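Quick notes on the structure that follows.
The values are calculated or read from the model by the stated rules, or taken from the named source; none is laboratory data. Bear in mind that the values here come from a model prediction, so they are computed numbers and not experimental data. Please note: Cβ atoms are built from the backbone with ideal geometry, for glycine as well, and neighbour counts cover all protein chains shown. Note: accessible area is taken over every heavy atom of the protein model, side chains too, but ligands, DNA and RNA are not part of it. Shrake-Rupley method; radii C 1.70, N 1.55, O 1.52, S 1.80 Å.
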Amino acid sequence: MKLVMDVHLQGDAARVAAVAFDDWAAFEGTKNYALDIPHVEKPAKGELDLRALPWFVQLLDANRLQPEVIVLDGFVHLDAQETPALGRRLHDTLGGRSAVIGVSRSVFKGTDTPDQFCIFREDETPALVITSAGIDHGAAKARLRAMHGRKRKPTLMKLAARIAKGSVDA
């Protein structure tokens with residue numbers, strides 16, 4: 001099993017969502033999950049925002065999920081020097097049991113993003129930035145290219161975002 005996970009912050013609350021799937025080309029998930037977080041503290045100024053880390057782990061534990069791969073909307077590494085971001089911290093927290101692939105629509109902050117991190121899912125759209133831990137980077141990029149969806153962002157990632165926002169039931 002594989003998971004796409006996302007989180008949505010709304011005021012002082014948050015909602016974490018996950019969509020399970022088996023095939024990289026799947027256009028719908030096998031099961032959806034959600035977890036509401038009633039109170040969220042503000043992140044420490046100037047520090048990496050890791051607030052979602054315990055929420056992701058809590059959702060996984062509550063549903064006894066042990067995915068082989070987790071796809072996140074965000075970074076696994078913040079730069080080409082592999083400075084750890086939320087995805088890397090999740091991978092480490094899970095003891096390396098699940099590979100983590102980060103998908104971002106924005107480039108690395110403060111630097112030019114090397115081409116090795118970019119993929120194009122559609123000819124005329126900007127590239128997605130792919131970072132990963134626990135899986136070969138080339139394989140991670142190939143998996144993201146194979147995911148269903150005509151547009152830049154894969155269908156299952158859009159679904160996880162809608163569940164996290166509460167516009168679709170889990």
Over the stretch 1-41, what lengths in whole Å, largest first, do the semi-axes of the equivalent ellipsoid take, defined as the square roots of 5 times the eigenvalues of the alpha-carbon gyration tensor?
26, 8, 7
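For the chain, what % of the accessible area comes from carbon and sulfur atoms, probe 1.4 Å?
Summing carbon and sulfur atoms, their accessible area is 47 percent of the total for the chain.
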For A164, what charge total do you get from the other residues with a beta carbon under 15 Å from its beta carbon, if Lys and Arg give +1 and Asp and Glu give -1?
+2
Suppose every K and R has +1 on its Cβ and every D and E has -1 on its Cβ; what is the size of the dipole of the chain about the Cα centre, in Debye to the nearest 20?
280 debye
Pick out which of K153, K141, K31 has the largest mean-square fluctuation in a Gaussian network model of the chain, springs linking Cα atoms closer than 10 Å.
K31
Accessible area per residue, 1.4 Å probe, Å², for the stretch 1-83: what's the number?
55 Å²
28 Å Cα-Cα reach of K141 towards lysines, excluding residues that sit fewer than 8 places from it in its own chain
K2, K31, K109, K151, K153, K158, K165
Please return the longest range in the chain lying between exposed loop sites, taking chymotrypsin sites (Phe, Trp or Tyr not before Pro), DSSP loop only, at most 15 other beta-carbon atoms within 10 Å, and leaving the sites out.
28-119
Calculated diffusion of the chain, Stokes-Einstein form, Kirkwood radius summed over Cα pairs, 4 °C and 1.567 mPa s, µm²/s
81 µm²/s
